[in-house]
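The block underneath contains the structure these notes are about, expressed in structure tokens.
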Amino acid sequence: MRNNKDGGLRIIFLLSVLLFCISHVRSEGADDELEPKQNYLVDPPSENTPDEKLSSETEEELTDRILEEILEKNSEIVEETSVFKDVQPVSENNENVEEPPILEDDETVSKDNENVAEPPVVKNEIPIVGREKKLLSDIVKNARQTVQDVVDEAFDPKRAPKENYNGVEGSYKEVDEVPAPPVEEKEVPGSEEVEEAEEILGLRQTGVRQETLDGVVHKPNYRKAYALLQTASSKGNNKAKVLLGFAHLTGDHEPYVSHNTSLAFEMFEKAAKSGLPSAQRALAIMHSSGIQADSSQSKALLYYTFAALGGDSIAQMALAFRYWSGISVAQSCESALKYYRLVADNVARKVGSAGSQVVLRIRLMEEEESPQNSPILDEDLVQYYQFLADKGDLQAQLGLGQLYLQGGRGIERNIKLAQNYFSAAAKSGNTNAYGYMGKISMQLKEYDVALKYYKLATKDPMGQWGMGTLYYNGWGVDQDYSQALSYFTLASQQGHTEAELQLGLMHLSGIGVKKDHGIALKHFNVASKSGHVLAFYNLGMMHAMGIGVMRNCQTSAELLKNVAERGTWGNELMDAHALYHKGYVDSALIKYLILAEQGYEVAQANVAFILDKDDTDFIRNLKSRYKRAFINWKRAAAQGFGGARLKLGDYYYYGQGTEPNPVEAAEQYQIASDVDHNPQAMFNLGYMHELGIGRTQDMHLAKRYYDMAASASVDAHVPTMLANAKLMTKLHIEWLIQFYQEFTFTMLYDSILVWYTSWAVYFTENVEGLTQFFVQLDESATEDWDIYLMSVLAIVLGLVMALRGHNVRAAQLRAQQNVPQQPPNQ
């Protein structure tokens, strides 16, 4: 039986463990400060250094060693308070003595067992319950992680002072960093197969397409790629397991890989045991969305954290969104900003002069409501422009060249085709075409060719920006910052976005000009209006670090979130859209679910839309489907999508995925009406005011909202007209009912009497005025009777002439119809 002394022993024991771990960590830190810093560039640490010996020690060994030291230091305290101090040592013959059962804190022992003798225990040894030992092991792990975090933070180059930030390509200035000792990497079985398969699959995942000289785009050989991954997976390669697992999860490559979520979950679990971040992120997705596993936000958060600490950008993005929105964690702008900065750094480093590929964000709900407004170019329209370009139309050539150079709107990026169209436009002497030809040559690192084209386009903003870029970097010419500044200024005056960005970078870093953060901020703001990803990145970093502007975590996190969503993983939005229209709704839903976890508002809205329409068999339970749709509508609405706010009001009104709440429904409709001017929300508010549902009954307010809906949309005219007619009919019926209920013959007699009396009084008071009016009328009629008569006769004559003319025309028409037609001449 556990008594108070035993409980006191437990508390003393745990406090001793905590104090020892803290002193142990501090002593190690103090020793490190006293020791001179080692230069690993000259003398790498030897094999017998104490640090390496400590790091090679396992948690279990370290736990046992700490336990022994604690027992030695606290033996006196233990002997005074322990219930085992009078127990005799155990002889060698008692090795098989059965230990007493371990009792939980809430368990008790009956009074009959109070006198049962305790089993003998070895002298000076305290039996450690499994729970305490596990707690101690966790403390050791946390202490070891704390030390590692301190070391990582001390040598993190990204924590350099803000003066070292230069903004160029989203990086920092070089800072002195102690490199880690070289580690010999062991070759993982199946690595060659995985690399070859990644090269094939990378055609789709990174948005890059291999092209021949004639501009033909090659389709990836998925059969070969997944055969290689199967081979590597059979060799125990965990990366191959993850790639195969995602293929089984989404099912977008059938029949090469089957759509099997259970097999995907099994592969992810096996790969995650090795600590692979992508596998941990995959398990987080499945636990969060409830795919093949019970929905558990706590497990999802755990796996996302492990994967993010392992450097997985997608996991960092998902974790940042959770902190940003407060999903299963306390809402924290600073924590969200920390992770968004990591992802934004990665995205900004990969954005070159070509810029990021345009990713269309198509909401399925809006596309269904107005398919004619789809941003994807119709194939017939593209062929029409190609026909015009082949005929020599200059605008068609320039438009198609830009379209193939940047990609987007359903068109894949194709440098070769873009070069062909710009070359055709350049033959007519168009300076803009020369500028784009120079840009393509610069991307291909043919700087001499680029310089030739840019010199022909020095009056065009594209050519001016190109000349500035060549002088800025010293490509094909001598590096000259003053010349670069001059050309960038000329291009920016004509509205060139890239030139605005470069001017901002020069003023931010003080290259070629005097450092001025205010001017840099202005240029970045102008460039961000055109959607340039590096402009958003630099603005976000300036707001995050308080450079040239007051530090603002909220603004910085929003800007860097925008940058993070421009990563190559954003191409999955178009893949999911294509799968949906091809009929692979389940595969599209899973892809949208993965993107929704990353914080894409469009993906969240599309997940809710698919679940709301019941287009998928992936989630068959109606209640569960509506609940998941409700969660995604809510997340999309929180990010500013007005259509999601309207659907959220519908879900609250009808109780789909949540309890019915008319008051909350009216609140959502009110927000959609005030912020997004949604006519449907206005109409719904009018209906709720008319019936008194969720709002006070007010017929005048109801009519006001009906009229607002009619003015907000042409399509709402007929519904609002009918609603207003119903409202007025209802008002008149209510008045008649009220009048009938209050009607009496006495009231009718009184009303008639009042009416007769009022008219009698009126005529009595105005009899003199009426007499004078008739006298004046008689006098004027007597004096001007001839004018009145002529007017009447003129009117009668006009009517007669009009009727006669009509009869004449009718007779002529009948005569023409009766004339027989002459046969044609032979």
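The values are calculated or read from the model by the stated rules, or taken from the named source; none is laboratory data. Predicted model only: the values in this text are computed from it and were never measured. As a convention, Cβ positions derive from the backbone with ideal geometry for all residues, glycine included, and neighbour counts pool all protein chains shown. Please note that ligands, DNA and RNA were not included when accessible areas were found on the heavy atoms of the full protein model with its side chains. Shrake-Rupley method; radii C 1.70, N 1.55, O 1.52, S 1.80 Å.
Details
- Charge sum, other residues only, whose C-beta stays under 15 Å from ASP448's C-beta, Lys/Arg counted +1 and Asp/Glu -1: +2
- Förster-model FRET efficiency, 45 Å R0, THR555 and ARG704, C-beta, rounded to 0.05: 0.80
- Tensor-based shape of region 449-597 (alpha-carbon gyration tensor, a/c under 1.5 rounded, otherwise prolate or oblate): oblate
- The GLU446 and GLU412 beta-carbon pair, evaluated with R₀ = 25 Å, returns a calculated FRET efficiency of approximately 0.60.
- Gyration tensor verdict on region 469-526 (Cα atoms; rounded if a/c is under 1.5, prolate if a/b is larger than b/c, oblate otherwise): oblate
- Extension gain for VAL718 to GLN386 (0.36 nm times residue separation, less C-alpha to C-alpha distance): 115.2 nm.
- Computed on protein heavy atoms with a 1.4 Å probe, the accessible areas place VAL607, VAL761 in the order VAL761, VAL607, largest first.
- The H on the amide N of ILE327, modeled in the peptide plane, is under 5 Å from the matching H of no residue at least 5 residues off or on a different chain.
- With all protein chains in place and a 1.4 Å probe, the accessible surface of region 287-342 carries 51 percent carbon and sulfur.
- Between ASN807 and VAL675, the contour length at 0.36 nm per residue exceeds the alpha carbon distance by 41.2 nm.
- Modelled spin labels at GLN816 and MET790, positioned 7 Å past Cα toward Cβ, are 4.0 nm from each other.
- Tensor-based shape of region 586-637 (alpha-carbon gyration tensor, a/c under 1.5 rounded, otherwise prolate or oblate): oblate
- Cα→Cβ-extended label distance, 7 Å offset, between ASP393 and LEU797, nm: 6.5
- VAL549 - accessible surface, heavy atoms, 1.4 Å probe, Å² rounded to 10: 50
- Separation of the LEU753 and ASP378 label points, Cα + 7 Å toward Cβ, nm: 7.8
- Residues of region 612-637 falling in the label zone of SER262, defined by backbone nitrogen less than 20 Å from a point 7 Å along Cα to beta-carbon, are 617-621.
- Between ASN221 and GLN479, the contour length at 0.36 nm per residue exceeds the alpha carbon distance by 88.4 nm.
- Sparse packing (at most 11 other Cβ atoms within 10 Å of the Cβ) combined with a DSSP loop state is found for the following trypsin sites (Lys or Arg not before Pro) in region 594-668: ARG620.
- As a rough guide to protection, the peptides 189-195, 339-345, 798-804 ranked by mean Cβ packing within 10 Å, highest first, stand as 339-345, 189-195, 798-804.
- Under 5 Å, built H, 5+ apart or other chain: amide partners of GLY408: ARG413
- The residues of region 415-480 expose on average 44 square angstrom of accessible surface per residue, using a 1.4 Å probe on protein heavy atoms.
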